[in-house]
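Heads up, the thing below is written out as structure tokens.
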Amino acid sequence: MTLSLSTEVRMIKGVGPQRAELLAKRGIHTFEDLLAYLPFRYEDRIHFSNIKDILPGGTFTIRARVMSGQAIPHKHHYNAIYHLLVQDAVGGLLPCKFFHGGYLEDRLKAGQQLILHGKVEIDKLRPARLEMINPQLEMLGNGEPDSTEVGRIVPIYEAIGSFGSRAIRRAMYAAVQMLEAGVPDILPEALRARLNFPSRREAQIHVHFPPPNESIEALNTFRTPAQQRLIFEEFFLYQLSLALDRKATRKGNAIAFRVREEKIREALKRILPFKPTAAQKRVLAEIAADLEKPAPMNRLLQGDVGSGKTIVALQAAVIAMENACQAALMAPTEILAVQHYLSARRILAPGGYKVELLISGMKFAEKSAALERIRTGEAQLVIGTHALIEDQVQFARLGFAAIDEQHRFGVMQRKRLMDKAASHGHAPHVLVLTATPIPRTLSLTLYGDLDVSVLDELPPGRTPIQTHLTSEPHLPGTWESLRREINAGHQAYIVYPVIEESKLELKAAMEEFKRLSKEVFPKLKLGLLHGRLSSEEKDAVMESFRKNETQILVATTVIEVGVDVPNATVMVIEHAERFGLAQLHQLRGRIGRGAAKSHCILVGPVRMTEEAQARLQAMVETTDGFKIAEIDLQLRGPGEFFGTRQSGDLGFHIANPLRDKEPLELARKEAFSLAEDANQSAALEGLLRQLPKEWQRRYQLARIG
Ligand code: ADP
Ligand code: MG
């Protein structure tokens with residue numbers, strides 16, 4: 001019997017219906033999905049270490065048998081420490097400790113054969129002795145251990161619920177033996193041969209069960225030919241979807257704007273409330289060069305918090321309006337939309353431009369009137385939230401659209417805004433703005449279909465923000481220094497982690513607000529801002545903070561993006577350990593916007609995890625968004641860093657944009673050349689036809705998304 005890639009997993013020996021259900025929860029339905037479930041590590045079980053040769057600090061794999069074992073009880077059985085003594089074939093003895101190891105008591109009997117893998121440490125109480133603490137442990141079957149367990153390089157899998165590493169390995173082994181011979185290759189044959197990659201089938205097998213002569217080091221750093229091929233393949237397909245997308249965009253016809261005329265240059269200068277930085281000038285020139293062309297602009301403007309992205313977007317809007325087109329600016333929150341609206345009106349109304357606000361919280365009559373003005377073209381620049389992409393919105397002639405804080409939107413929403421304009425036969429020029437600076441390989445992945453402009457300079461006259469880390473018992477001192485700032489005429493934010501606007505968290509923030517108003521700052525005016533307020537309430541709260549009628553704004557993360565009140569010089573972030581680094585950086589970007597020195601005070605618990613400590617320490621040490629993004633990535637890994645909002649699940653199984661820079665660059669080059677090369681359209685079509693299901697789903701997303 002042979003198995004094909006589309007065989008359902010429950011048909012595989014060693015899986016069955018129950019485990020199939022566990023797998024289904026992880027999105028693993030077919031044999032092909034299962035093959036994509038890769039080991040996170042490989043163990044050399046051809047050459048075991050002798051216990052007499054192990055050294056402290058090193059990581060070793062040992063084959064031994066149980067001599068004795070004992071759980072040192074604790075009042076909670078779960079917390080017992082299990083002490084194990086093992087002996088290897090040549091008589092070496094090694095003690096091991098397992099924290100929370102009480103459960104091992106029943107499982108390990110004297111004589112049981114084991115594989116232990118872990119770091120060797122010096123026993124703190126008896127420095128002459130070595131031990132392993134919490135090594136990974138695998139029990140070998142009694143009798144002759146089978147060939148999936150020893151005598152080979154063994155793949156180690158993350159358990160899936162009760163489906164353990166060893167059981168996964170056995171099922172995988174059995175399945176791989178039966179994999180049909182005719183697995184089609186996805187990569188065009190010429191490309192595969194040129195890059196000297198193994199076939200897809202061979203790579204899929206070797207990545208689970210490497211040949212015995214494979215280097216264990218290469219395996220564990222994902223550098224074997226099989227791994228490199230699969231890594232390349234994932235990047236290649238992903239980049240191909242970007243390339244095709246981009247090709248489709250390029251074909252769209254946009255309105256070529258006039259940008260060089262004296263009248264337009266004058267208009268651009270006239271609206272500027274300040275002297276632009278060199279970076280702002282350069283970026284505007286890059287944008288203008290795109291706007292002149294009849295192919296739609298699709299550009300990312302990346303710039304750290306406070307680098308002055310808004311005005312650049314407004315200038316591009318002015319170019320559109322001067323060309324008798326409408327412009328749109330979409331922001332992720334109502335607060336930000338309203339703020340943009342107010343400042344755009346201040347800047348643009350004197351020039352006679354008509355600025356319109358569109359948010360869902362507007363009164364019906366107001367909204368209908370706004371929609372009407374958008375439809376007739378009377379509204380020239382429309383600023384709003386997601387409300388802009390609702391079905392009822394019809395633009396007369398949308399020529400330019402900007403999306404602020406793109407990381408808060410999905411790719412889908414970007415595309416929907418573009419479609420808005422397509423209705424009058426032209427694709428709009430699109431500019432997306434983001435303050436999340438990321439390394440090149442990541443931006444190739446996330447924004448690979450966009451051209452990139454970077455604002456790498458902050459406007460002059462900013463005093464760097466000082467960041468302090470403190471703990472809850474020191475809050476009274478914190479409130480004292482906050483009071484001093486306010487007495488000096490400044491304003492402050494106090495932020496609470498109501499991240500998903502959960503009711504309980506919100507209640508806690510509201511109670512803190514009451515307590516602060518009554519007990520801590522009875523003489524000051526405090527405002528409270530959170531996501532559950534109506535639009536009008538939010539406006540009122542922001543407006544009185546802007547006017548300095550309230551001195552302290554107690555807020556949830558609704559102020560995370562964009563809010564711009566230069567007189568605010570203090571931000572206290574409570575439970576700072578609960579925020580991600582990127583979020584902390586965004587929050588902190590709300591201060592340090594004027595000339596006065598600003599302070600950000602991060603309040604954490606007395607004890608926190610090492611990871612949280614590292615995060616907060618990074619905030620204290622740097623205000624450079626780029627560095628913070630790098631640290632964030634190191635701490636969290638790319639999966640979480642991307643977040644689901646940002647990218648949809650990119651869904652790489654083996655590829656890692658941070659680790660695999662070279663394959664990514666190569667894959668991008670090859671994918672774009674395949675997509676652009678008319679002579680290769682047959683190869684391209686063949687490839688698209690036989691894409692695995694999973695990629696077909698993702699392509700679908702790329703097509704619409
Ligand atoms: P971000 O890039 O975070 O969106 P903003 O566009 O909100 O930044 O700009 C931050 C602040 O800096 C705003 O108050 C804005 O008016 C001001 N600003 C922007 N560019 C300049 C400049 N060239 N000179 C002085 N102030 C500027
Ligand atoms: Mg902004």
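We did not get these values from a lab; they are worked out from the coordinates using the rules stated. Just so you know, these numbers come straight off a predicted model, no measurement behind them. Don't worry about glycine lacking a Cβ; one is built from the backbone with ideal geometry, like all the others, and counts go over all protein chains shown.
Dividing the helix sum by the residues of the chain, where each DSSP H run of 4 or more adds -39500 (n - 2.57), gives a mean residue ellipticity at 222 nm of -12500 deg cm²/dmol.
In order along the range 97-108, phi translates into HN-Hα couplings of 10, 10, 6, 6, x, x, 5, 6, 3, 7, 8, 9 Hz, rounded to whole numbers, per the Karplus curve 6.51 cos²θ - 1.76 cosθ + 1.60 with θ = phi - 60° and x for Gly and Pro. Taking amide hydrogens as placed 1.01 Å from N in the peptide plane, the amide H of Ala328 sits under 5 Å from those of Val382, Phe400, Ala401, Ala402, each at least 5 positions away in sequence or on another chain. Listed peptides 91-100, 262-271 appear in the order 91-100, 262-271 once ranked by packing, highest mean of other Cβ atoms within 10 Å at the front.
What is the Å³ per residue value for the convex hull set by the Cα atoms of the chain?
Details: hull volume 138.3 nm³, N = 705.
Looking at the chain, the number lands at 196 Å³ per residue.
Rounded is the label for the range 466-622. Its Cα gyration tensor axes, ordered a ≥ b ≥ c, give a/c under 1.5. Over all other residues within a Cβ to Cβ distance under 11 Å of Asn50, the charged ones net out to 0, with Lys and Arg as +1 and Asp and Glu as -1.
For Arg282, the shell of other residues with beta-carbons less than 10 Å away shows a net charge of -2, using +1 for Lys and Arg and -1 for Asp and Glu. Of Ala36, Val570, Ile156, which is farthest towards the positive pole of the chain's charge dipole, taken about the Cα centre with +1 and -1 on the beta-carbons of Lys, Arg and Asp, Glu respectively? Of the options given, the answer is Val570. Counted over the chain, the DSSP beta bridges are approximately 40% antiparallel.
Among the listed pairs Lys627/Lys669; Lys503/Lys523; Lys363/Lys503; Lys309/Lys627; Lys263/Lys547; Lys507/Lys538, give every one whose C-alpha distance is greater than 24 Å.
From Lys627/Lys669; Lys503/Lys523; Lys363/Lys503; Lys309/Lys627; Lys263/Lys547; Lys507/Lys538, over 24 Å: Lys627/Lys669; Lys503/Lys523; Lys363/Lys503; Lys263/Lys547.
Sorting the segments 540-547, 582-589 by their residues' average number of neighbouring beta-carbon atoms within 10 angstrom, most packed first, yields 582-589, 540-547.
Taking θ as phi - 60° and the Karplus parameters 6.51, -1.76 and 1.60, the scalar couplings of the range 312-320 work out to 5, 5, 5, 5, 4, 4, 5, 4, 4 Hz in sequence order, x denoting glycine and proline.
Near Gly625, once Lys and Arg are set to +1 and Asp and Glu to -1 for all other residues with Cβ below 12 Å from its Cβ, the sum equals -3. How far is helix 475-487 tilted off the main Cα axis of the chain, in degrees rounded to 10, range 0 to 90? So the inclination is approximately 20 degrees.
Annotation: amide H of Leu358 within the under-5 Å range of Ile383, Gly384, Thr385, sequence separation 5 or more or interchain, hydrogens built in the peptide plane. Charge dipole of the chain (Cα centre as origin; +1 on each Lys and Arg Cβ, -1 on each Asp and Glu Cβ, all else neutral): 940 debye, rounded to the nearest 20. According to the square roots a ≥ b ≥ c of the eigenvalues of the Cα gyration tensor, what is the shape class of the range 213-292, taking rounded for a/c under 1.5, prolate for a/b larger than b/c otherwise, and oblate for the remainder? Cα axes put the range 213-292 in the oblate bin. Any aspartates and glutamates with Cα under 17 Å of the Lys251 Cα? List them, leaving off those in the same chain fewer than 8 positions away. Once the sequence-local aspartates and glutamates are set aside, what remains near Lys251 is Asp290, Glu292, Asp419, Asp449, Asp451, Glu676, Asp677. Bridgeable aspartates and glutamates around Lys52 (alpha carbons under 19 Å apart, same-chain partners fewer than 8 residues away excluded): Asp44, Asp88, Glu121, Asp123, Glu131.
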